[in-house]
Amino acid sequence: MASTNSHEQHRLRRALLNNFFSKRSVMDLEETIQAKVNMLQNRFMGAFREKLVLNIPSVFAALTADVITHYSHGKSLGYLDVPDFKNDMMEALDSLFRIFHINRFLPMLAVMLSRPPFWIIEMLHLPEGLFGEMIEARLRTRKRAADALNKKGKTTGKPETIFDALTAVSVPEKERTLSRLVDEASVLFGAGTETTARTLSVAAFYLAKDKDLRQKLFDELTQVMPSPASQPKWAELERLPFLTGVIQEALRLSYGLSTRLARIAPTEALFYKSFVIPPGTPVSQSVYFVHHDPSIFPNPERFDPERWIRATEEGVNLRKYMVSFGKGSRQCLGMK
Ligand code: HEM
C-alpha cells in the first residue's frame, strides 16, 4: 500500500484496511493493548527488583510489535516474553534504515533487497548481521502469509484480523498474492513498531531527565489512577491536558519519518508566495524543519508539554502544524 504509485490502486488497497484503523476499532483493541501493557509493567517491576539496565527503545518495540502482530494475524509474536527484549525484526529494520540515504538516490537498491539475489547483498558489504536477520525475518513473515493464504474456509463474513481482510474472497484475486501479503505484513510491522516505540522512548527520555515534568504528570495521572494497579480507560486518559501535552511533545520531537515525503499535483499548478509550481513537480518538506520552526513552536528544542495547554487557552490550533503523520490521502493509517 505505502509504496503503490497509482492513486486508484492505492485507494483500493487502503480501503481494505481502513476499518481496522478507525478510532472505534482502535478503542475496541483497548483490552488487548492493556493486557500487553500489564505484561510490560511486570517486566519493568522484575528489572527493577533485579537492578537490570534496560534498553528502552527495544522494550517499547516489544510492546508495539506484539500489539501490531496480534492485530495483523491474531497472534502476537511474543517479543514481550523474550528475556533481553531482543527483536530480530527491529534489528533487520534498523540495519536497513542505515542505508536509507543511499536508497534515496539509488531506488533500485530497495527493490533488490526486497527480492534479493543474495550475492548482491553480500557484495554491498552491508552492516554485519543485516544479511541473516533480514532474510530470516522475511522468511518467517512469508511463512505466516502463506498460512493465511492457505487457511481453510477463507473469510466471507466480517474479517477479524488484517490478514483475514487481505485474503478475503471479496478481494480481487490479483491482489491476493503471497508477495503482496508479505510486503503488506512487513510494512505494517515496520510502520506500527518503530514509530510508536520511538515516540514512547522520547517521552520516557524527557520524563526521566526532568523531575518536575515527572511530578506534574504523576499528579495528573493520580486523578484517574489512584493506585498503580488502576487501569483507566483511554476515554479518561485523553481528557488529561498535561498527558496530552506530553504525547504531543513526544510526537513533535520524534518526527515520525524525518525523510521528505513527496507529493505531486498531477494536473494543476500550485502557487506559493511568488512561485508557480508546475503540474507534475514533486514537492516535499522535512518534518524536522516544521517541528523546529520557532515561529510556530517557540524554543523548539525544549520538551514543553505546557505549550499545548497554553495554545488551547489562547485559542491557537497548534495541532494543525504537526506533520508527524503526514497529511492527505497517504497520511498515516495508524495514527489513531
Ligand atoms: C507515532 C506513531 C506513528 C507515526 C509518527 C507514523 C508516521 C507515519 C508517516 C509519516 C507515514 C507516511 C505518511 C505520508 O506519506 O504522508 C505513515 C504511513 C503509514 N503508517 Fe504510520 N506512523 C505511526 C504509527 C503507525 C501505526 C501504529 C501503524 C499501524 C500499523 C501505522 C501504519 C501506517 C501505514 C499502513 C502507512 C501507509 C499509509 C498509506 O500509504 O496509505 N503507523 N505513518
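Annotations for the structure displayed:
- From the options Val290, Val316, Val276, residue that is away from the ligand (no atom under 16 Å from the Cβ), in the same structural domain as Leu243 (by TED's automatic domain parsing), over 22 Å from Lys23 (Cβ atoms) and outside any loop (DSSP other than H, G, I, E, B): Val276
- Arg43 being at pLDDT 95 or above, touching a Leu at 6+ places or on another chain (Cβ under 8 Å) and more than 16 Å from the ligand (Cβ to nearest atom): yes
- Residue satisfying condition, being of a type outside the set (Val, Ile, Thr), in contact with a Phe, Trp or Tyr (Cβ under 8 Å, 6 or more places away or on another chain) and within 20 Å of Leu40 (Cβ to Cβ), within set Leu243, Leu217, Leu213, Leu253: Leu217
- Residue check for Val53: away from the ligand (no atom under 15 Å from the Cβ), over 21 Å from Arg140 (Cα atoms) and buried (at least 20 other Cβ atoms within 10 Å of the Cβ): no
- Conditions (1) of a type in the set (Lys, Arg); (2) under 24 Å from Gly192 (Cα atoms); (3) at pLDDT 95 or above: number failed by Lys327: (3)
- Leading residue by the ranking (farthest from Thr161 (Cα to Cα)) among those in the range 1-28 that are polar (S, T, N, Q) and assigned to a helix (DSSP H, G or I): Gln9
- Residue within the range 227-242 that is in a helix (DSSP H, G or I), under 21 Å from Ala61 (Cα atoms) and within 16 Å of the ligand (Cβ to nearest atom) present: yes
- Of the helices (runs of 4 or more DSSP H) entirely within the range 29-102, those holding at least 1 residues that are farther than 28 Å from Leu257 by Cβ occupy 30-50.
- Residue that is nearest to the ligand (Cβ to nearest atom), among those in the range 60-89 that are among the hydroxyl-bearing types (Ser, Thr, Tyr) and within 11 Å of Thr32 (Cα to Cα): Tyr71
- So Ser284, is it surrounded by 12 or more Cβ atoms within 10 Å (Cβ to Cβ) and under 25 Å from the mean Cα position of the chain (by Cα): no
- Single match in Phe97, Phe21, Phe105 (criterion: within 13 Å of the ligand (Cβ to nearest atom), out of contact with any Pro (no Cβ under 6 Å at 6 or more places or on another chain) and aromatic (Phe, Trp, Tyr)): Phe21
The values are calculated or read from the model by the stated rules, or taken from the named source; none is laboratory data. Remember, predicted model here, so these are calculated numbers, not experimental data. Cβ: placed from backbone, ideal geometry, glycine included. Neighbour counts: every protein chain shown.
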